[in-house]
1. Look at region 25-47 and say how many of its residues are of a type in the set (D, E, K, R) and farther than 22 Å from Q103 by Cβ.
2. Evaluate region 84-102: report whether one residue or more is touching an Asp or Glu at 6+ places or on another chain (Cβ under 7 Å) and either over 19 Å from N2 (Cβ atoms) or assigned to a loop (DSSP other than H, G, I, E, B) (or both).
3. Criterion first (within 21 Å of S122 (Cα to Cα), crowded, with 19+ Cβ neighbours inside 10 Å and either at pLDDT below 95 or out of contact with any Phe, Trp or Tyr (no Cβ under 6 Å at 6 or more places or on another chain) (or both)) does L20 satisfy it?
4. How do the pairs read when you match residues in region 7-28 that are under 16 Å from L50 (Cβ atoms) and free of Cβ contacts under 8 Å to residues at least 24 places away in the same chain with residues anywhere that are of a type outside the set (K, R) and surrounded by 13 or more Cβ atoms within 10 Å (Cβ to Cβ), using Cβ under 6 Å and keeping only pairs 6 or more apart or on different chains?
Amino acid sequence: MNILICDDVADNSFLLKTILSAESCQIEIVDSGAGVLTFLETNPYPPDLLILDVMMPKMDGFEVVRHIRKSTKFQFIPILLVTGFDCDNAQKADDIKINGFIQKPIDPDAVIAQVRAILEDSS
């Protein structure tokens, strides 16, 4: 499975990559919302899953999701948001159709369980 990780903090991306590499996933990393959109437009194979940080400069995760969900080409991509906020912010996310949250600090077992569930649903 191909997973695109977007976080503006390299250590967070590295942690997620380390966790998911153990699951035999192919990982690509970008460090900004604009990087996600560029990756999607220029890569011939869209990812099977996008793991996206909420709090990023210039374009936050919610804005990135809105762009993706407007695109007929990419609207199907499952998205997990990574947040340090309480997941009660799910109300804000309801209108943008995400597939779940990963809460910071990151729990490796929770990440693996969520990723497996989403990838099984989409296959």
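The values are calculated or read from the model by the stated rules, or taken from the named source; none is laboratory data. Nothing here was measured: the structure is a model prediction, and the numbers come from that model. Positions of Cβ are backbone-derived with ideal geometry, glycine not excepted, and every protein chain shown enters the neighbour counts.
1. So the count comes out to 2.
2. Residues of region 84-102 that are touching an Asp or Glu at 6+ places or on another chain (Cβ under 7 Å), as a first pass: none.
No, region 84-102 contains no residue that is touching an Asp or Glu at 6+ places or on another chain (Cβ under 7 Å) and either over 19 Å from N2 (Cβ atoms) or assigned to a loop (DSSP other than H, G, I, E, B) (or both).
3. Yes: the conditions hold for L20.
4. S13/I5; S13/D7; S13/I29; K17/I27
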